[in-house]
1. For the list (1) surrounded by fewer than 20 Cβ atoms within 10 Å (Cβ to Cβ); (2) touching a residue at least 40 places away in the same chain (Cβ under 8 Å), I need the number of the one condition that residue B:135 fails.
2. Mind counting the residues in region B:294-312 that are more than 7 Å from chain A (Cβ to nearest Cβ) and under 15 Å from residue B:179 (Cα atoms)?
3. What are the residues in region B:317-330 that are within 15 Å of residue B:302 (Cβ to Cβ) and of a type outside the set (Gly, Ala, Ser), if any?
4. Restricting to region B:283-312, count the residues that are surrounded by 24 or more Cβ atoms within 10 Å (Cβ to Cβ) and farther than 27 Å from residue A:125 by Cα.
5. What's the total number of residues in region B:90-126 that are facing chain A (nearest Cβ under 10 Å), assigned to a helix (DSSP H, G or I) and without any contact (Cβ under 8 Å) to a residue 40 or more places away in the chain?
6. Is it true that residue A:251 is farther than 30 Å from residue B:179 by Cβ, assigned to a loop (DSSP other than H, G, I, E, B), more than 18 Å from the chain's Cα centre (by Cα) and of a type outside the set (Asp, Glu)?
7. Here is a list of conditions, (1) over 23 Å from residue A:365 (Cα atoms); (2) facing chain B (nearest Cβ under 10 Å); (3) in a helix (DSSP H, G or I), and residue A:188 meets all of them except one; can you say which number that is?
8. Among the numbered criteria (1) within 13 Å of another protein chain (Cβ to nearest Cβ); (2) assigned to a helix (DSSP H, G or I); (3) farther than 25 Å from residue A:286 by Cα, which one does residue B:359 miss?
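The values are calculated or read from the model by the stated rules, or taken from the named source; none is laboratory data. Just so it is clear, the structure is predicted and the values come from calculations on it, not from any experiment. Here Cβ is always computed from backbone atoms with ideal geometry, including for glycine, and neighbour counts include all displayed protein chains.
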Amino acid sequence: MLGYLIEKEFKQIFRDKFLPKIIFIFPFIALILLPFAANYDIKNVRLAIVDNDNTTYSKGLINRLSANESITLTAMKPTYNSALSLIQSDKADMIINIPKGFEKDFITQKKSNILVSTNSVNGIKGSMGALYALNIISDFSNDKTSEVVSIQQKGGVEIKPLYQFNKELNYKLFMVPALMVMILTIICGFLPALNIVGEKEKGNMEQINVTPITKPIFILSKLIPYWIIGTIVISIGFLVARFVYGIIPVGNIFVVYLFSFIFILAISGLGLILSNYASTYQQAMFMMFFFIMILILMSGLYTPFNSMPSWAQVIGSFSPLKYFIEVMRNIYLKGSTLMELLPQLYIMLSFVVVIDTWAVLSYRKKS
Amino acid sequence: MIKQLLSFIKKEFLHIFRDTWTMMIILALPVVMMLLFGYAVSTEIKNTNIGVLNLSKDEITNNIIQRLDKSEYFSLAKNYSSYNEVEHSFRRSEVGVVIVFDENFSENLLHLNKADVQIIADASDPNTARTLVSYVTNIVAQSLKDLNKTPQTNYQINPEVKLLYNPLMKSSYNFVPGVMGFILILVCAMMTSVSIVREKERGTMELLLVSPTRPIIIILAKVAPYFIISFINLLTILTVSYFVMGVPINGSLFWIFVLSIIYIFVSLSLGLLISTVAKTQLTALLFSGLILLMPAMLLSGMLFNVESMPLILQVISQFMPAKWFISAMRKLMIMGVDVKYVLKEMGVLVLMAVVFVTISLKKFKKRLE
């Protein structure tokens, strides 16, 4: 009986015009576009310079600023206020104001000032922009110092950073494995959520309810197709990661598959629960959207999990996404073994047991 | 005709109010999003677990380690005795960063005036790793300076940094306009399209169309409730952000509302457009969810910085109504600039509304024949 039910599900999916496209094309496109969008690297900071000094020093500094790859020099303005109006009309992000006597003060008084103003409505962008400028200014200051003081005292402590697991600090290496989880969540979460409710809206539910199909069989017949679809989606993800981004897991790919099997059961189960409670598409969609948004935002996908306040970490630890994202990143970047990931395995298995039992129980044949 | 319109609007409201779940989610969503973005999700790095491999074990290194542990950024989690343990510990995600002092650290520093410190960061997350390394570097440098172990140069340029409009670097200043842009398009576009397509799917649309009611009345009645709901959402967001999160409203409230109303119109017309294309609710939902909401979240500048993206994505983002709205709202609300600086954004939004309405009206008429 289960076989026929699964056949029915697949027929329904593939007779729809839109669904097969979502299953095969959406992960592909999303994984090609998202890593470029979901990026906290700050580039193209547009800089306006007010040079009141007009000396070799000020010009040297301007040259260095405009040579930096993250900064784009967009305008030279005569006054600070005219530069400020560029920020107001969103044509510049940062102003550097070089005061009169910049060079003279440096040579005669060993000290000169400079003003760096950034538009900080977006805090990350504002502070990163300022940080880029400050680094250049401090390098410039050191170089000029060694020009003036011919022999600089050498020595001291050298601090050597080592960036383990991601030596080139490639942001995509970090995001791609986690975005696969997000895409899997969207497909294997929303489609089941809209599935049972669809049967209700079309009136099929009444017919299924009068057949001898038992509750567990019914839920299984809904879960297994998404299990297969999810496996296809995650495999597309692996291929895109491999051939578009050249990202290969350091650890064992079969461990990734093992965890994705478990994860799909959990997230599809969640969709089915909501679908059981909802009576219209709209309800199911909004409830699923509500939960998935919270699960994604609190899973550590975009922002570090440990920087959340402790109450938020408690809520976040109920998100299956949190554990699967950890697993993906650990296997892809660090090559963690199954033994090292046992805690995540147990937690995710218990999610599956609780969620899928709930899904079976929440399906009521009586209306 | 007005009476007819009013009774149709009443019918639509009844549809919405009878669906308690959706109603509750729609009203609670902006508040939950604001609270999540405001209090839970943060890119600040605090209390990272730090591991120490101290082979030198003397006063100077102990002093540095103490300082690291005391700072708000780190808490000392592990003390290793060999390199092997470090590797294993990283793979279990026990620590984010490890500082290594080799055996003769102090000796070298005292006698040769030159010593090495190694900082190993878990660079899975590059931004966090970069920030962690710079925090550790600063703390180490500061401790050594206090212990007078590092030479000082006299010449310096003193940069003064001004963080315009947001001196306390609150992330809420950035996301409140973003949440507005997102919620309004969610309510207007998604809900309007689904409510029209539902009538089609259930067959009640035919009934409405053969009635003496003019199609324009049906459409007006469809969009009116969502206009009101999104306006309520707008007020909720402004109230929560102003009174609870302390986000300033620096610009004129009048223009903030004008801008929002234009944007609501764009979103409603987009919803109308989707409803003319989609045949089933499922398609309408997935269409607006994947093609409208995901890009609205990712490419609008709400979460990520559009200027840092590759050119092609920047071009795509120009077609996102949310991008123009969020940019204008940031200027009006947070930067408090004069309305003349946002005329371009408003113009683009008006143009989008005109285009969407024209296309969907054309399609709507065709279907009548």
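1. Residue B:135 satisfies all of (1) surrounded by fewer than 20 Cβ atoms within 10 Å (Cβ to Cβ); (2) touching a residue at least 40 places away in the same chain (Cβ under 8 Å) except (1).
2. Number of matching residues: 7.
3. B:320, B:321, B:323, B:324, B:325, B:326, B:329, B:330
4. 3
5. Result for region B:90-126: 5.
6. yes
7. (2)
8. (1)
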